[in-house]
Amino acid sequence: LGNTNIIAAKSYLERVRAKLKANAKKKESYEDETVQRPIKHSEVFLLSNASILPTIDMKEHLDQLMTMQNNPSIAGINGWMHLNSEGDAVFKPDSARKPADYPVKPSDDNTGAVVIWEVPDPRAEYGWYTAGNDPYDFDVAPNSVSLGSVIVMQRGSPLNGGADRIVAEYTGRPPLASDFYEQVRRLLIYYANATCLYENEKQMIKDHFKKMMSIHLLAYTPGVMKANETSKTAKVRVYGQHMSPNVKKESEIYLREWLMTPIGDGKLQLHTIKSVPLLKELIGFNPDGNFDRVIALMLAVVQTIQMRSIVIEEAEK
């Protein structure tokens, strides 16, 4: 019987992984290596899928986050958005409210909770915050596993650390769709009138924002999307983004680039994500499934890119 040199074997496996990981074109090889020759038990179950997202890195980050859920700055503060007597949007913590989990179970109470990781910066002006929204329209759907989701992102700048990061999320399905859209509206107002790009196959959100005189919070179809250039809406000002298969593929590329952006100290932008259900969705993502948070994040990333181009155009003008 031979004796296994565990330290040398682990060191060798880590070197092989590092080499594959450094080559962005070898994502599948890196994942196959991890699954076929796992170092940890959980890696055995990381099956490859059709996604181009960095599944292994996100799984490692999720494992670390799960050990830190007693820290409020990591877990976030659960609550609900309200309006005060002056009409300002305010966030009120409510520990009784719980975020909708993933995978979604129709039998659960999926009303969800607004989760705040960072309150709005008092210096914030227009353009500091962007958002993405995957909506829904139907009030009565007792067996539905589709939720509405909005993700608010603070754009990176030298004033706030330089990296984009998610500061708030609301994913859920309250009894009335209008209740969901009103939570979205108040959240956008709370974050310095953040501009929100939404999936425009569902029009109830636009109708709700019009009724509440808040249409200015919704973004126009972004010009940065190459897939929009052949669309009939490319030449006109239309609110929201239609998530056609080509748009979804392009958005997935932008999302991967965003997740893999280095932010210093060996970390990637994906390491700024603190939402456990979002990470679960990202890890399990495939183009054919129902991934509400992932679509919301894709749209937030696209709107962030669009806002950068607007700043450049204005500066040149």
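Close amide H pairs (under 5 Å, H built 1.01 Å from N) link Gln241 with Tyr198, Glu199, Asn200, residues at least 5 positions away or on another chain.
Taking the average, over residues, of other Cβ atoms within 10 Å as the packing measure, peptides 214-225, 109-120 rank 109-120, 214-225 from highest down. Accessible area per residue for segment 52-160, computed on protein heavy atoms with a 1.4 Å probe, is 50 Å². Of the cross-linked pairs Lys92/Lys210; Lys10/Lys105; Lys98/Lys206; Lys59/Lys206, those separated by over 31 Å at the C-alpha level are Lys10/Lys105; Lys59/Lys206.
Taking a Cβ cut-off of under 10 Å around Leu218, the surrounding Lys, Arg, Asp and Glu residues balance to a net charge of +3, with basic ones at +1 and acidic ones at -1. Peptide packing for 61-67, 168-174, 247-253, 263-269 was compared via the average number of neighbouring C-beta atoms within 10 Å per residue; ordered from the highest value, the list is 168-174, 247-253, 61-67, 263-269.
The values are calculated or read from the model by the stated rules, or taken from the named source; none is laboratory data. A quick note: this is a predicted structure, and the numbers were derived from the prediction, not measured. In this analysis, Cβ positions are derived from the backbone assuming ideal geometry, glycine residues included, and neighbour counts consider all displayed protein chains. SASA here: full protein model, heavy atoms, side chains in, ligands and nucleic acids out. Shrake-Rupley method; radii C 1.70, N 1.55, O 1.52, S 1.80 Å.
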